[in-house]
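S.K.: Structure in structure tokens, see below.
The values are calculated or read from the model by the stated rules, or taken from the named source; none is laboratory data. On a predicted model such as this, the values are computed, not experimentally measured, just so you know. Positions of Cβ are generated from backbone atoms using ideal geometry, with glycine treated the same way; all protein chains shown enter the neighbour counts.
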Amino acid sequence: MRPLIINAPALQSLLQKLTSYCITLLFWFVWLFFCTPIFSYICWMQNIDVDYLRLLEFENYDGIIHNLILCFFGVLVMGGGLSIWSVFNLLRFKHEDRRASLSPLTINELSEYFKIDKVTLTKQQQIKCLSVSFDEEGNIVNSKELV
């Protein structure tokens, strides 16, 4: 039997899809925020903070260009690695739809899995707010509509 995953992006409204994308984008920014100490540590190892003080306070430009070139190559290597990885995955999964959605479960499959009659299940699916109780085996024992 297919796994019971209640995830059907094709049935989502435009607002739900947009919300999902915005939350994903937010967490990518959070991820970048947490990577900032790594970039800061790399710059600290290259004495960029010392060069910053030298540049602003003492107006001494010796060595600044050298460190900027090192940082540029560091960014280039990291970006190149990411690009190679993404091209590799693009070629690897070129003709495969890895995010193919599952077809929605039918009434028969759900009623068989939860051991409940089809009429009751159809009524439960039409209710907006429903409280469902399960037993130890995962079968539906009781359900009531919440107002």
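S.K.: Determine whether Lys123 is surrounded by 10 or more Cβ atoms within 10 Å (Cβ to Cβ), part of a strand (DSSP E or B) and either touching a residue at least 12 places away in the same chain (Cβ under 8 Å) or not hydroxyl-bearing (Ser, Thr, Tyr) (or both).
M.R.: Here the answer is no, as Lys123 does not meet what is asked.
S.K.: With (1) more than 30 Å from Thr106 (Cβ to Cβ); (2) at pLDDT 70 or above as the list, and Glu57 as the residue in question, which single condition is left unmet?
M.R.: (2)
S.K.: Inspect all residues belonging to the stretch 33-46 and state whether any of them is assigned to a loop (DSSP other than H, G, I, E, B) and modelled with pLDDT of 70 or more.
M.R.: yes
S.K.: I'm checking my understanding of the structure. Among residues of the stretch 88-112 that are over 30 Å from the mean Cα position of the chain (by Cα) and surrounded by 11 or more Cβ atoms within 10 Å (Cβ to Cβ), which one is farthest from Ala10 (Cα to Cα)?
M.R.: The extreme case among them is Glu112.
S.K.: Here are Phe93, Phe114: which of them is modelled with pLDDT under 85 and within 25 Å of Val147 (Cβ to Cβ)?
M.R.: Only one candidate passes the filter, namely Phe114.
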